[in-house]
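Inspection log for the structure reproduced underneath, given as structure tokens.
The values are calculated or read from the model by the stated rules, or taken from the named source; none is laboratory data. No experiment lies behind these values; they were computed from the predicted model shown. Here the Cβ positions follow ideal geometry from the backbone for every residue, glycine too, while neighbour counts run over all protein chains shown. Side chains are part of the model used for accessible areas, which takes the heavy atoms of the whole protein and leaves out ligands, DNA and RNA. Shrake-Rupley method; radii C 1.70, N 1.55, O 1.52, S 1.80 Å.
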Amino acid sequence: AAVASEMYAKIFLAAHEGAKSANPHVKLGGPCAPAFDDDGFSVFTKHVAPVIDRCHDKLDFLTEHHYGGERFAAAASYEVATAYYDVKHGRRVPIYNTETNDLSGSPLDKAHYNIEDILWCIKVCPDKAMGRAVHALWSGYCRDQGETDAFTIMNTLRGRLLHVQTSDPSLLVVASHPEPGTVVVFAFNNSRFERTAALP
């Protein structure tokens, strides 16, 4: 990992110099790492952190991709990366997801995975999770009905986030204020049992 990180840093710094000389406003980031928390966070400590240390003043954002696993762990790992960057180098940069999916699931599993993954990022680190890309394993975009449905119903979560509390830990709830006079509340039952939600 140390050799890969060193080579990536050299490539990034050379690309940065060339790209910035052509367009000083271009934004560049990396290192497109697997999930920061993979292998007991060794992906972060052995690959991402050394790249940050070499390129910290030139990275405009970090990138990562994660597949499967606990969805809240990905959101928590964004906080770890942010804390490292902040404490060691006195900077904060946004984090972009470049790939994610439930690779082996049914359409329902994929819908569940993507909804839960997005909601945890919104709830835990909305100031850090700045982008998200699905990795499609089929020809054509959004050919999986579960994912298409998930993205369609979550598309209304726009605008300013609102503080939300719930007394039921199995309900993941997020609310936003997309335009004057409109509030969008998204409640996701993350259990196997029926739930009834009451809005005061």
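Straight-line cross-link partners of K58 among the aspartates and glutamates, defined as a Cα under 16 Å from its Cα and at least 8 positions apart when in the same chain: E6, E17, D86.
Y96 contributes an accessible area of around 80 Å² to the protein surface, as traced by a 1.4 Å probe with all chains present.
Size check on the range 121-200: the Cα extents along the three principal axes, sorted descending, read 45, 33, 24 Å.
Shown are D144, D53, whose ranking by accessible area with a 1.4 Å probe and every protein chain present, most to least, is D53, D144.
Under a Gaussian network description of the chain, with springs only between Cα atoms under 10 Å, the residue in N23, N101, N114 that fluctuates furthest is N23. Accessible area per residue was computed with a 1.4 Å probe on protein heavy atoms; E17 scores about 130 Å². Modelled this way, with points 7 Å down the Cα-to-C-beta line, the labels at E79 and T152 are 3.5 nm from one another.
Give me the number: length gained by fully extending S42 to A4, i.e. 0.36 nm times residue separation minus the C-alpha to C-alpha distance, one decimal in nm.
Numbers: separation 38, 0.36 × 38 = 13.68 nm, distance 1.36 nm.
Gain in length upon complete extension: 12.3 nm.
What ranking of T156, T98 comes out by heavy-atom accessible area, probe 1.4 Å, highest first? Could the numbers behind the result be given before it?
On the way: T156 75, T98 50 Å².
So the residues, ranked largest to smallest area, are T156, T98.
When only Cα pairs below 8 angstrom with a gap of at least 6 residues are kept, the range 93-174 shows a relative contact order of 38 percent. For the pair L108 and H163 in one chain, pulling the backbone fully straight at 0.36 nm per residue adds 16.9 nm over the alpha carbon distance. Seen from every direction in turn and averaged, the convex hull around the alpha carbons of the chain projects onto 14.1 nm².
What do you get for trypsin sites (Lys or Arg not before Pro) in the range 141-187 restricted to DSSP loop and a cutoff of at most 16 other Cβ within 10 Å of the site's Cβ? Walk me through the intermediate numbers first.
On the way: sites: R143, R158, R160; in loops: R143, R158.
Passing both the DSSP loop test and the Cβ count: R143, R158.
For the chain, the longest principal axis of the C-alpha atoms and the axis of helix 2-22 are separated by about 90°. Would you mind counting up the charge near V183? Only other residues with Cβ under 12 Å from its Cβ, with Lys and Arg at +1 and Asp and Glu at -1. My count for the surroundings of V183 gives +1. Spin-label model, K123/H56: points 7 Å from Cα along the beta carbon direction are separated by 3.2 nm. Give me the percent of accessible area attributable to carbon and sulfur for the range 1-159, probe 1.4 angstrom. Its accessible area is 59 percent carbon and sulfur atoms.
Give, as a single signed number, the net charge of other residues whose beta carbon lies under 10 Å from the beta carbon of H112, with Lys and Arg counted +1 and Asp and Glu -1. Net of charged neighbours comes to -2. Accessible surface ranking for F41, F72, F193, F186, 1.4 angstrom probe, highest first: F193, F72, F41, F186.
GNM on the chain, C-alpha springs below 10 Å: top fluctuator among G181, G131, G159? Answer for the Gaussian network model of the chain: G181. Residues of the range 48-68 falling in the label zone of L13, defined by backbone nitrogen less than 15 Å from a point 7 Å along Cα to beta-carbon, are 50-59.
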